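Below is one structure, written out as structure tokens; comments come after it.
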Amino acid sequence: MFQFKINHNIIYTKAKLKRANITADDICYLCKSEQHTIQHVFLKCSHVTLFWNEFFDWWSQFTSENIQLPDSTISYGPTNPLKHHQPLSLALLLAKYFIYKCNLTEQSLLFSLFKIQLRENIMTERYIAIKNKTAQLFNEKWKCLILKGFVPEILPPPTSQ
């Protein structure tokens, strides 16, 4: 639903709220210099640019892929089948939601907090995979992050003799 709201430009920003006479100003609370629009919130703010740079550096450490994604891919998700398409799509979506939540609460964009939330999300998926006995699918999907120890692999149950 969140990606749908981004795609259809229905995320409420300070610019939209000012036009509706709900807020007094439309200036970004982070950089305090530009209008708070969807484009600015997710792509153009200097604080968000630093966040995305940390994201790309972190991603390249885990996947050995140096990625510099265009704004359209950050906004709408990867369309080309990259090597780690599913994990990257989820990580980008969670990063955008993290940015959005920080904007709502006017908190700093701390990449370390994002990594914690990403790991918690993946661990929830891991728990579901264990319950549904889909460990192999989970391990294949998250292999790039399992190999570097970001999340633990689901080990097969011991065979009885």
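For residues that are more than 15 Å from L94 (Cα to Cα) and within 16 Å of the chain's Cα centre (by Cα), tally how many sit in region 46-62. If you could, list the steps in order and put the result at the bottom.
If we filter region 46-62 for residues that are more than 15 Å from L94 (Cα to Cα), which is where we start, we get 46-47, 49-50, 53, 57, 60-62.
Those left that are additionally within 16 Å of the chain's Cα centre (by Cα): 47, 49-50, 53, 57, 60, 62.
Adding up the residues that qualify gives 7.
Could you check region 120-151 and list, in sequence order, the residues that are acidic (D, E) and in contact with a Lys or Arg (Cβ under 8 Å, 6 or more places away or on another chain)? Even if it seems obvious, please write down each step before you answer.
Residues of region 120-151 that are acidic (D, E), as a first pass: 120, 125, 140.
None; the set is empty.
So which helices (runs of 4 or more DSSP H) stay within region 1-118 end to end and still have 1 or more residues that are touching a residue at least 40 places away in the same chain (Cβ under 8 Å) and within 24 Å of K148 (Cα to Cα)?
So the answer is 46-63, 85-105.
Which of the residues spanning region 128-149 are more than 18 Å from H85 (Cα to Cα) and either more than 20 Å from the chain's Cα centre (by Cα) or β-branched (V, I, T) (or both)?
First, pick out the residues of region 128-149 that are more than 18 Å from H85 (Cα to Cα): 128-135, 149.
Scanning region 128-149 gives I128, A129, I130, K131, N132, K133, T134, A135.
Out of everything in region 75-104 that is modelled with pLDDT of 90 or more and surrounded by fewer than 17 Cβ atoms within 10 Å (Cβ to Cβ), what residue ends up being nearest to N139 (Cα to Cα)?
That would be L93.
Anything in region 119-161 that is surrounded by 16 or more Cβ atoms within 10 Å (Cβ to Cβ), in a loop (DSSP other than H, G, I, E, B) and of a type in the set (V, I, T)? List them, or say none.
Selection gives V151, I154.
Filtering region 63-74 down to residues that are touching a helix residue (DSSP H, G or I) at 6+ places or on another chain (Cβ under 8 Å) and surrounded by fewer than 17 Cβ atoms within 10 Å (Cβ to Cβ), which residue is nearest to Q107 (Cα to Cα)?
Going through the qualifying residues, I end up with D71.
Mind checking whether some residue in region 128-141 is under 21 Å from F56 (Cβ atoms) and of a type outside the set (D, E)?
Narrowing region 128-141 to residues under 21 Å from F56 (Cβ atoms): 141.
Restricting the remaining residues to those that are of a type outside the set (D, E) gives 141.
Within region 128-141, one or more residues are under 21 Å from F56 (Cβ atoms) and of a type outside the set (D, E).
Criterion first (out of contact with any strand residue (DSSP E or B) (no Cβ under 9 Å at 6 or more places or on another chain), buried (at least 17 other Cβ atoms within 10 Å of the Cβ) and of a type in the set (S, T, N, Q)) does S60 satisfy it?
It is false that S60 is out of contact with any strand residue (DSSP E or B) (no Cβ under 9 Å at 6 or more places or on another chain), buried (at least 17 other Cβ atoms within 10 Å of the Cβ) and of a type in the set (S, T, N, Q).
Criterion first (over 21 Å from F55 (Cα atoms) and of a type in the set (S, T, N, Q)) does N139 satisfy it?
Numbers: over 21 Å from F55 (Cα atoms): yes; of a type in the set (S, T, N, Q): yes.
When the stated conditions are applied, N139 passes them.
Would you mention how many residues in region 1-29 are of a type in the set (S, T, Y), over 13 Å from F42 (Cα atoms) and under 24 Å from the mean Cα position of the chain (by Cα)?
Counting residues in region 1-29 that are of a type in the set (S, T, Y), over 13 Å from F42 (Cα atoms) and under 24 Å from the mean Cα position of the chain (by Cα) gives 1.
Taking region 34-70 only, how many residues are modelled with pLDDT of 90 or more and farther than 20 Å from L118 by Cβ?
Summing the residues that are modelled with pLDDT of 90 or more and farther than 20 Å from L118 by Cβ in region 34-70 gives 10.
If Y12 satisfies all but one of (1) at pLDDT 90 or above; (2) surrounded by 12 or more Cβ atoms within 10 Å (Cβ to Cβ); (3) over 17 Å from P70 (Cβ atoms), what's the number of the condition it fails?
Condition (1) is where Y12 drops out.
Looking at L113, L88, L109, L94, which one is under 17 Å from N53 (Cα atoms), touching a Cys at 6+ places or on another chain (Cβ under 8 Å) and of a type outside the set (F, W, Y)? Break it down into steps so the answer makes sense when it comes.
Details: L113 fails: touching a Cys at 6+ places or on another chain (Cβ under 8 Å); L88 fails: touching a Cys at 6+ places or on another chain (Cβ under 8 Å); L94 fails: touching a Cys at 6+ places or on another chain (Cβ under 8 Å).
Answer to the selection: L109.
The values are calculated or read from the model by the stated rules, or taken from the named source; none is laboratory data. Every value quoted in this text rests on a predicted model; they were computed, and no experiment measured them. Neighbour counts are summed over all protein chains in view; Cβ atoms, including those assigned to glycine, are modelled from backbone coordinates with ideal geometry.
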